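Only one structure is covered here, and it is reproduced in the block below.
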Amino acid sequence: MFNNKLFAIIIALLIPIFSVQNSFSTSFNLKTSGEKKFEVNYKVSQPQVLFLSNAPLEDIRGSVNSESISGLITFDPANIENAKGIITIEVKGMETGIQKRNGHLYSKNWLDGETYPNITFNLIQLSGVKIASSDPAKGRATANAIASGTISIHGKLKTINVDVNITYIKESEETKKRASGDFLSVSGKFDVALKDFDITGAQGLIGSKVGEVINIDLSLFFSSK
């Protein structure tokens, strides 16, 4: 009985500690707070999503048309960890530089763009946030973090973590020349294993002409609505 009581007391003492830890948030320290909705804005800068396949017989480099990239993020500069959002890429907006190869990429053997027209990443949270720089006078700050979420490719869902670099820029007379609202820049790199998404391709190509793992490099620019 004594042990049970002691255990209950320890748990009661630890609960407030865990609560504080779970509610911890990191701020850009830019004297601004509150959730804002940010969406991909081409006036700020052209979004880029690049992909690379390294294989013994061939390297394939490609990109995604800017018009085929969209995204919406809910972000609070005073609570970076609480970010939520979704990034969408249209499969048929992916380009490899060769039209015939594009057709193969969109086909049922590969990404099957007819059945699964979009690749999506749902951001659940940011963690491991580290402020790299903060300049309140200029209304600009940068942080490194881990973006955790789910990615959907070829109808398959997988949880991933992406190392990202985030820059926040408050609206100013200078930024208004490009677009209204605050700016948010997000860049990162991650790898996609084709087998994780049941992408089998044409027999014999994966591993020889197409890499088993595809490297993704993205750079997205947002402005607040």
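The values are calculated or read from the model by the stated rules, or taken from the named source; none is laboratory data. No experiment lies behind these values; they were computed from the predicted model shown. Here the Cβ is made from the backbone with ideal geometry for all residues, glycine too, and neighbour counts use every protein chain on show.
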Fill in: Out of Ile119, Ile131, sole residue that is buried (at least 20 other Cβ atoms within 10 Å of the Cβ) and β-branched (Val, Ile, Thr)
Ile119
Worksheet item: In this structure, is Leu111 in a loop (DSSP other than H, G, I, E, B), buried (at least 16 other Cβ atoms within 10 Å of the Cβ) and of a type outside the set (Ser, Thr, Tyr)?
Response: yes
Discussion item. Take the conditions within 16 Å of the chain's Cα centre (by Cα), within 19 Å of Asp163 (Cβ to Cβ) and touching a residue at least 24 places away in the same chain (Cβ under 8 Å) and apply them to Ala83. Does it pass?
Written reply: yes
Practice prompt. Would you check if Ala179 is of a type outside the set (Lys, Arg), surrounded by 14 or more Cβ atoms within 10 Å (Cβ to Cβ), closer than 30 Å to Thr32 by Cα and at pLDDT below 95?
Written response: yes
Worksheet item: Quick one: how many residues across the range 31-68 are touching a residue at least 40 places away in the same chain (Cβ under 8 Å) and touching a Gly at 6+ places or on another chain (Cβ under 6 Å)?
Response: 5
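Evaluate the range 70-81: report whether one residue or more is closer than 29 Å to Asp182 by Cβ and part of a helix (DSSP H, G or I).
yes
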Worksheet entry | So Phe190, is it at pLDDT 95 or above, out of contact with any Gly (no Cβ under 7 Å at 6 or more places or on another chain), surrounded by 17 or more Cβ atoms within 10 Å (Cβ to Cβ) and not polar (S, T, N, Q) | yes
Fill in: Candidate set: the range 53-67, residues that are closer than 25 Å to Thr115 by Cβ and surrounded by fewer than 19 Cβ atoms within 10 Å (Cβ to Cβ); chosen: the one farthest from the chain's Cα centre (by Cα)
Ile60
Discussion item. Looking at the range 117-137 only, could you name the residues that are touching a residue at least 12 places away in the same chain (Cβ under 8 Å) and in contact with a Lys or Arg (Cβ under 9 Å, 6 or more places away or on another chain)?
Written reply: Pro117, Asn122, Leu123, Ile124, Gln125, Ser134, Pro136
Worksheet item: Quick one: which of Ile166, Ile214, Ile199 is touching a residue at least 60 places away in the same chain (Cβ under 8 Å), buried (at least 16 other Cβ atoms within 10 Å of the Cβ) and in contact with a His (Cβ under 6 Å, 6 or more places away or on another chain)?
Response: Ile199
Practice prompt. Select, from Tyr42, Tyr116, Tyr106, the only residue that is among the aromatic types (Phe, Trp, Tyr) and closer than 30 Å to Ala143 by Cβ.
Written response: Tyr42
